[in-house]
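Working notes for the structure below.
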Amino acid sequence: MTLLRTSLRNFFAHKGRMVLSGLAVVLSVAFVCGTLVFTDTMTTTFDKLFADSSANVTVSPDDEEDDERPSTGIPATLPASVVEEAGRAEGAERAFGLAVSMAVTVVDSDNKSISPTTGAPTIATNWTELDERTMKLTSGELPEGPAEVAVDADTAKKHGLELGDELRTIAAPGDFTAKISGIVTFEATNPGAAVLYFDTAVVQERLLADPEAFTHVAVVAADGVSDELLKKQVLAAVGQGYAVQTQAEFTDELKADMGFLDVMKWVLLGFALIALLVGVFLIVNTFSMLVAQRTREIGLMRAIGADRRQVNRSVLVEAVLLGLFGSLVGVAAGVGLAVGLMALMNSFGMSLSTDDLTITWVTPVVGVALGVLVTVLAAYLPARRAGRVSPMAALRDSGVPQDGSAGRVRAVAGLVLTGGGALALLFAARADEAAPGALMLALGVLLSLVGFVLVGPLLASVVVRGLSVVVLRLWGPVGRLAERNALRNPRRTGATGAALMIGLALVASLSVVGASMVASADRELDRSVGADFIVSNDMGAPITPKAAEAVRSAPRLAHVTEYRALGGVEVTLPGGEEVRHDAVAASPTYAEDVRVETVEGRMADAYRQGAVSVDEAFADKHGLSVGDEVSLRYRDGDAEPLRIAAVTSKEASLDGGVMFLGIRTAETFVPEARMPLPMLMFGKAEEGQEAAAYQGLKERMEPFPQYQVRDQADYKAQLREQVGQLLNMVYGLLALAIIVAILGVVNTLALSVVERTREIGLMRAIGLSRRQLRRMIRLESVVIALFGALLGLGLGLVWGAAAQQLLALEGLRVLEIPWATIVTVFFGAAVVGLVAALVPAFRAGRMNVLSAIATE
Amino acid sequence: MTTAVTESRTGGGGESTAVAARARQVVKAYGSGETEVVALDRVDVEIARGAFTAIMGPSGSGKSTLMHCLAGLDAVTSGQIWVGDTEITSLKDKKLTRLRRDKIGFIFQAFNLLPTLNALENITLPMDIAGVRPDREWLDRVVSTVGLSGRLKHRPSELSGGQQQRVAVARALASRPEIIFGDEPTGNLDSRAGAEVLGFLRRSVDELGQTIVMVTHDPVAAAYADRVLYLADGRLVDEMWRPTAESVLDRMKAFDTFGRVS
């Protein structure tokens, strides 16, 4: 009991020294809990939305093959008769048809797209009673007749749309314009989609290209009829060939599309855990210093009869208290973080309501458990060291017990692990197959990281000496004092630097992979793309016939190539076996536009009538070679015998594993209505006319803002930008870990200043000026930060290079080291060191000389 | 007692003034109003150049406070203090720091040395901080005077308590300050090591012409001085020239009785 009281008193007496460790726990736990609350809330929100917007039973076209359905730009439909059949089913109150298309682009009078830029869909649909559950007409009228449209209020607001404005809807069957007759407002959460309502007949004729078709049938159950029962009855009523789902089944399917939420959750949690790991170093340092400062006190306790376990436990109790306080505050902060994140999402066009804020019991339990567990684990080693303090320590003047042998054991273990990690990375870089290579890479990263952490103290003395020769000596005796201080406790410097190392190693390795990605793609484009221009939609929507016509009509083009992805095709092998394989139909000029390397035959021949190419892997697996005959069948069409004219190399990085054939050839066995629209179109300018052709093509495509026309330079720039955005996002998430690491530097310095109070007093007494004192602390901080940066960047470069070597199997053939980023990070670390030292240096400068000397 | 200065020796700096430091009407008070505690009460004192002065007095007499004020470590409440020709009571921290660095040497009771620096680095630290190259010849002389030649590369943790204090003495001497202040410099040493250190201080006055002011409560230590100042209740109450341990002890006993009677 007395020991517990001692722990409590110690904890509160030293709460100032625990603040930064506590903050590290708070930040990490807040991030964990914020992630959980945010994703839970999103899930609740979408569940509600899906439930509100679906009927008791929904009938859809049989979509067994929907996943592989190549895009014709028109949704699958069912005939209007199904509505009546379903409505007549026993237990059905009524049924009505839904006509929905998401394959539309809507532009305002300036030809600007009003589609969301977030990846959320643009939904064009008819107004039904389902919509009445989630939407309210807030101004104007619902659309009537072919020339009216209602638009959701969020979209209207974002694009400044008003009643009477004209909108042009672009879809595969053609364009049409409509005036805004009404504005509807989401009463539930708006997931960020742009929603447009048309008269039912308009959707059917203009978007589904069939005045008698619907995309879904909604069936409302009569009183007392369960969804399950109704489903059975509807199934019986509509017969085979349709998918019939209860509300639960239907929403489950929609929820499956929200799988990205789960991915997001785990990614965010991953970054939170990295931050927590970084926080461990902070906690270890804090407790080590507390124990060192308290050596005499602990010795006294041992001398008067406390046993090791009791001393040990008294330190751990403090850790539990710290973890408990930190994680409780963290849980609360996490809820705040989630609310802030929701506000952020709202500013990006979603409307999330805090009414749906979902805090399950898991959130606080995970938060507190994680916070306490990590803190206690981190304090375990210092606590054990406290237990080992001998009663004699009470009598000694001062004395931080040095543990030489453990240091050696640690260094050896670290070197062994680092060596093992290096070996694993080497294996990963030399791997022939991706899966075992990835495992080796993960192992190598883990081993080298742990190894570096262990040899950290050893490296600290080497690296700090090296750095001081280059940097510190410039500052003369103050620099030397800073060097000595940084070297004084290599374990502390090592741990502080290691915390920074983790974040920076990840930054460095990812920047290497990102830069290599861009460089590899650049080289691949230069090597294999002969086309001058590419027309595509960034969301992957196909090119409508009208737009394709516009491309073809552009002036000064030597040729235009269409690229149609057929998706899965049934292939009958010479032996009679039937397998499914992906195929692409393209104009014969595709052979010039994109160079696909072959191991046998020529690609130009593969686009001739009645010919096809197969990829090397497929050919090897089924023993095929040039001259063999295979039959291709598409869905319900007829089989067509084709001759293999080329075998494409597996080294080909673009479209490596598909069959290529000419569009004319494809037309012989793909039914006309099933022929997919082109995904991409390529253009080649007439000799010397590149600029004019590019200009002309852009002009022709002006009425089709949903498509982007790019030349090779644009394409590369876009790729670079995409990779850059992805990296920035990851850097943003790593910022948390780096902030915690910076707190660690501040923590180490602040505690060191307290620990060295008397020294500082002495130095001030014999003539060290405040400015020199502050500079000394700043230099120490910079050296620790640079040490962490050097380790992190070194480790990261090796990881990145190993990852690139491994990914070379997947086409990432060029190793590019982004020196600009690396150098920026290095000098950034120096700035971080300066910033981290601000407060500790200020406080040291303000110390009263006399009281510093007098401090016992 | 006519003047505090009887004989003037040439100090290390070789300046003409016979007074190394002077305090006039110095008051040091802590707190205010009812809780005010006066540590120094209108103290006038002059420290002779090239002499070894000891300040004695019971605990709480203000002897340490007086030394701290004279050395520019502590600010006075009122009154003036000069070190050499410089009036330090009006100086700001920056100039005060520089004064301590260039003109004053310190020897504390304990924790005199930076653990990260070896003996030689500790000795030259004030000059390093000032960016001044140490005078090699003088340094060698100081080092050999305190008998540290073989131990210059040792870290403080590798030196005995007496050796550590000798390093501190060497540091104080090395930059040839106008005045050296010692705050119970032998308080933590056994009598033999203490005697050694006091011997060096005495010799540095006799042979090197150094000015030293030392706070002590040990009559034996005080006996090494040329002059002993007695403080009680923040006032200078007596002084003694050419003291011996016995005479100092007797005088203190007298104060004690006096104190009790009054």
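At-a-glance table
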read-out: Under-5 Å amide H pairs with A:L137, H placed in peptide plane, nonlocal only; value: A:T185
read-out: Kirkwood Rh (inverse of mean 1/r, distinct Cα pairs), the protein assembly as shown, angstrom; value: 36.7
read-out: Cα lying deepest toward the dipole's positive end in the stretch A:463-541, options A:A495, A:N537, A:V507, charges on Cβ; value: A:A495
read-out: Assigned charges on the beta-carbon of Lys, Arg, Asp, Glu; chain A dipole about Cα centre (debye); value: 8920
read-out: Average other protein chain Cβ within 10 Å of Cβ, residues A:474-480; value: 3
read-out: Extension gain, A:R580 back to A:E297 (0.36 nm per residue minus Cα-Cα distance, nm); value: 94.2 nm
read-out: C-alpha center-to-center spacing [the stretch A:581-614, the stretch A:416-449] in angstrom; value: 39
read-out: Of A:G330, A:S7, B:V45, farthest towards positive along the dipole that unit charges on Lys, Arg, Asp, Glu beta carbons give the protein assembly as shown; value: B:V45
read-out: Percent of C-alpha pairs per 10 Å bin, the stretch B:54-183, short to long; value: 12, 40, 32, 15, 1
read-out: Distance (nanometres) between label positions extended 7 Å along Cα→Cβ at A:A691 and A:T138; value: 4.9
read-out: C-alpha center-to-center spacing [the stretch A:150-178, the stretch A:232-257] in angstrom; value: 32
read-out: Rounded to the nearest 20 debye, dipole of the stretch A:56-247 from Cβ charges on Lys, Arg, Asp, Glu; value: 320
read-out: Cβ charges +1 (Lys, Arg) and -1 (Asp, Glu), total dipole of the stretch A:542-705, debye; value: 440
read-out: Amide H contacts under 5 Å for A:V599, placed H, 5+ residues apart; value: A:V647, A:T648, A:S649
read-out: Cα-only Debye scattering, the stretch A:1-128: base-10 log of I(q)/I(0) at q = 0.13 Å⁻¹; value: -0.85
read-out: Euclidean distance between Cα centres, the stretch A:556-570 to the stretch A:796-856, Å; value: 50
read-out: Dipole of the stretch A:56-247, positive end: most advanced residue of A:I123, A:P75, A:Q240 [Cβ charges, Cα centre]; value: A:I123
read-out: Candidate lysines for bridging to A:K650, where Cα separation is under 25 Å - those fewer than 8 sequence places away on the same chain excluded; value: A:K621, A:K716
read-out: Built amide H within the under 5 Å cut-off of B:G105, gap 5+; value: B:I179, B:I180, B:F181
read-out: Footprinting exposure proxy for A:W266, B:W138 (fewest neighbouring C-beta atoms within 10 Å first); value: A:W266, B:W138
read-out: Reachable aspartates and glutamates from A:K684, criterion Cα separation under 14 angstrom, eight or more residues apart if same chain; value: A:D532, A:E562, A:E592, A:D593, A:D711
read-out: Global form of the stretch A:599-697, assessed from the alpha-carbon gyration tensor, a/c cut-off 1.5; value: oblate
read-out: Cross-link partners of A:K15 among aspartates and glutamates (Cα-Cα below 13 Å; sequence separation of 8 or more within a chain); value: A:E318
read-out: Extension gain (nm, one decimal) between A:S113 and A:V267, 0.36 nm per residue minus Cα-Cα; value: 52.3 nm
read-out: Flagged links, alpha-carbon separation over 26 Å, of A:K136/A:K265; B:K92/B:K153; B:K63/B:K253; A:K231/A:K265; A:K136/A:K546; value: A:K136/A:K265; B:K92/B:K153; A:K231/A:K265; A:K136/A:K546
read-out: Per-residue ³J(HN,Hα) for the stretch A:258-267, Karplus 6.51 cos²θ - 1.76 cosθ + 1.60, θ = phi - 60°, Hz, x for Gly and Pro; value: 8, x, 4, 4, 5, 4, 4, 4, 5, 4
read-out: Surface/4 estimate of mean projected area, convex hull on alpha-carbon atoms of the stretch A:56-247, nm²; value: 10.9
read-out: Under the Karplus curve 6.51 cos²θ - 1.76 cosθ + 1.60, θ = phi - 60°, whole-Hz ³J(HN,Hα) for the stretch A:374-388, x wherever Gly or Pro sits; value: 5, 5, 5, 4, 5, 7, 4, 4, x, 5, 5, 5, 4, x, 7
read-out: A:L834/A:S649 FRET efficiency (R0 60 Å; Cβ-Cβ; nearest 0.05); value: 0.65
read-out: Rounded FRET efficiency, nearest 0.05, which uses the C-beta distance separating B:Q80 from A:K158 and R0 of 60 Å; value: 0.20
read-out: Share antiparallel - DSSP beta bridges, chain A, percent rounded to 5; value: 80
read-out: Compactness index (Cα Rg / 2.2 N^0.38 Å), the stretch B:212-257; value: 1.04
read-out: GNM result for chain B, Cα springs below 10 Å: residue of B:E207, B:E246, B:E137 fluctuating most strongly; value: B:E137
read-out: Inter-chain Cβ neighbour average for residues A:764-776, partner chain, 10 Å; value: 6
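All of the numbers you see were taken from the coordinates with simple rules; none came from a lab. Just so you know, these numbers come straight off a predicted model, no measurement behind them. Backbone-built Cβ (ideal geometry, glycine too); neighbour counts: all protein chains shown.
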